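The values are calculated or read from the model by the stated rules, or taken from the named source; none is laboratory data. These figures come from a predicted structure and were not determined experimentally. Glycine gets a Cβ as well: all are built from the backbone with ideal geometry, and neighbour counts include every protein chain shown. Note: areas computed on protein heavy atoms with side chains; ligands, DNA, RNA excluded. Shrake-Rupley method; radii C 1.70, N 1.55, O 1.52, S 1.80 Å.
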Amino acid sequence: MSDAPTPLAWLPFSIAEASLTGKPGSVDVDLPQAWSYLLDRLRRTAQIVATDPVSRNRVDLASGMRHLLVLLAAGVDEALRFDPDPVLSVERASTNDIVTWGMECPDCLYTRATMRGGESYRLFGNRGTARYVGLQTMNGIVSTANELVDELETDADGNFEAILSADERDGNWMRIEGEHPTLTVRHFFYDWNAEVPSSLHIERLGAPVEANHRTVDPDVAVSRQLVALGDFVHDNLQFFLQFGGAAPANGFLPPIDRTAMGAAAENKPVIGRWELGPDDAMILEVEPPEGLYWSFSLGNPWWETIHYGRHQSSLNAHQAAVDSDGLARVVLCGPDPGVANWLDTAGYSNGAMILRCVRTATAPTPTARVVPFDDLASALPAETKTVTPHQRAAILEGRRRAVHERFAR
């Protein structure tokens with residue numbers, strides 16, 4: 001058993017893979033040793049949370065320790081639900097508003113299906129009414145095909161079907177590759193209260209191929225999962241600390257292609273990092289990109305999206321106000337400034353910020369400036385849209401209900 005990190009150990013599917021193949025370069029150990037390894041990995045990861053410079057106040061530290069529980073929950077779920085021959089269906093992904101890592105999109109509902117290599121499939125159903133419904137097939141972390149449902153052949157009611165196979169087909173077709181190809185469906189909502197997700201089904205075409213089962217003794221499989229679970233919690237935390245630290249403080253990186261990390265090809269995120277004192281506020285200005293979808297969202301130091309049902313930590317083009325000069329101005333701070341375009345930092349001292357641009361003509365880099373909170377009124381245009389405390393309470397209640405219903409369906 002090697003302590004060296006493996007390239008994909010930060011991804012949950014590494015836990016399922018380990019039960020069949022083990023960790024590359026490692027030697028299987030007995031169950032008590034594997035359990036000790038898991039506990040040691042968790043202790044080391046907790047030390048990182050306690051000592052990393054991003055832990056600047058009690059909220060930062062508490063959320064970091066809670067994030068270890070989130071990663072542990074995601075990893076345990078992956079281990080317990082692992083099935084080398086899963087039931088063929090399109091179902092919800094495990095990530096939601098509670099089990100959140102890697103800055104998932106607050107406007108998005110993710111569904112997925114797991115398939116077998118060497119087979120072909122028919123995906124069919126109704127697209128629903130979400131602003132954007134994107135289909136992505138993947139081989140591990142590598143994207144093999146991306147399609148926007150609205151660019152496929154559909155009927156007037158939004159019903160469609162597509163063939164998923166290794167060989168090219170006429171009509172709606174997506175390539176699949178590898179032993180365990182997967183399908184991811186992303187639903188991006190603009191109006192959280194009105195839009196509904198797709199209802200999709202998948203079926204096998206032709207006779208099933210024989211499942212590629214590897215005979216692994218139960219104790220060996222569980223031992224490997226325990227080791228992989230410890231590595232996942234440790235390496236996922238480390239990965240996003242390093243990834244998030246690449247952006248300049250209170251600034252953004254230029255947009256780049258993130259498909260190597262499993263992002264959809266049409267998604268061009270502009271990733272930044274914010275750091276604010278308790279009396280500071282940040283003003284972001286951007287000319288909204290023209291196209292299918294854009295949004296701002298905030299994360300905490302551990303690359304969790306700040307809970308978007310309890311806080312106004314995100315704004316999309318449907319929700320944000322645009323000033324008469326064509327710019328969207330967004331204020332980041334802790335106290336509610338009474339500005340409609342407020343992003344709530346929720347007591348954190350620092351974290352991630354993302355402008356997501358999906359199928360847009362441009363992916364602009366917002367300008368960012370830090371001002372004293374007490375100077376916000378003079379730093380913003382006189383026409384800036386404001387809200388009353390009563391209006392804000394209604395907005396937050398609407399967000400809370402919409403998020404609850406999204407994941408309760």
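Tell me, what is the 1.4 Å probe accessible area of TRP303, in Å² to the nearest 10?
10
Given the options HIS318, HIS234, HIS390, which has the most mean-square fluctuation in a GNM of the chain, springs set between C-alpha atoms less than 10 angstrom apart?
HIS390
Tell me, what HN-Hα J-couplings in whole Hz come from the Karplus equation 6.51 cos²θ - 1.76 cosθ + 1.60 at θ = phi - 60° for each residue of the stretch 180-196, using x for Gly and Pro?
Along the stretch 180-196, the couplings run 10, x, 10, 10, 10, 10, 10, 10, 9, 9, 8, 9, 5, 8, 10, 7, 10 Hz.
Projected onto the charge dipole of the stretch 1-152 (+1 at Lys/Arg Cβ, -1 at Asp/Glu Cβ, origin at the Cα centre), which of ALA74, VAL54, THR144 gives the Cα projection farthest towards the positive end?
VAL54
Could you compute how much accessible surface ARG44 exposes when probed at 1.4 Å, giving the result in Å² to the nearest 10?
Roll a 1.4 Å probe over it and ARG44 shows about 90 Å².
Top mean-square fluctuation among LEU39, LEU315, LEU276, Gaussian network model of the chain, C-alpha springs under 10 Å?
Among LEU39, LEU315, LEU276, the largest GNM mean-square fluctuation belongs to LEU39.
Would you mind getting the accessible area per residue of the stretch 134-271, heavy atoms of the protein chains only, 1.4 Å probe, in Å²?
That works out to 45 Å² for each residue.
Ordered by residue, what ³J(HN,Hα) values in Hz, to whole numbers, does the stretch 325-338 give under the Karplus form 6.51 cos²θ - 1.76 cosθ + 1.60, where θ = phi - 60° and Gly and Pro are x?
7, x, 9, 9, 10, 10, 10, 9, 5, x, x, 5, x, x
What does the accessible area per residue of the stretch 274-409 come to in Å², with a 1.4 Å probe and no ligands, DNA or RNA counted?
Heavy-atom SASA per residue in the stretch 274-409 reads 41 Å².
Largest first, what is the accessible-area ranking of PHE243, PHE82, PHE232 with a 1.4 Å probe?
The most accessible residue leads, giving PHE82, PHE243, PHE232.
Note down the nm distance, to one decimal, between modelled labels 7 Å out along Cα→Cβ at HIS201 and at ASP374.
Here the answer is 6.5 nm between the modelled labels.
For ALA166, what residues show an amide H to amide H distance below 5 Å, using hydrogens built from the backbone and excluding near sequence neighbours?
ILE176
Take the chain, connect every pair of alpha-carbon atoms lying under 10 Å apart with a spring to form a Gaussian network, then pick out the residue of ILE271, ILE306, ILE256 with the largest mean-square fluctuation.
Top of the fluctuation ranking is ILE256.
At a 1.4 Å probe radius, carbon and sulfur cover how many percent of the accessible area of the chain?
53
Suppose accessible area is computed on protein heavy atoms with a 1.4 Å probe; arrange TYR37, TYR110 from highest to lowest.
TYR110, TYR37
Looking at (1) 22.9, 82; (2) 22.3, 70; (3) 26.4, 93, which value of Rg and Dmax of the Cα atoms in Å comes from a calculation on the structure shown?
(2)
Given a 1.4 Å probe, how much area per residue of the stretch 41-80 is accessible, in Å²?
Result: 54 Å² per residue.
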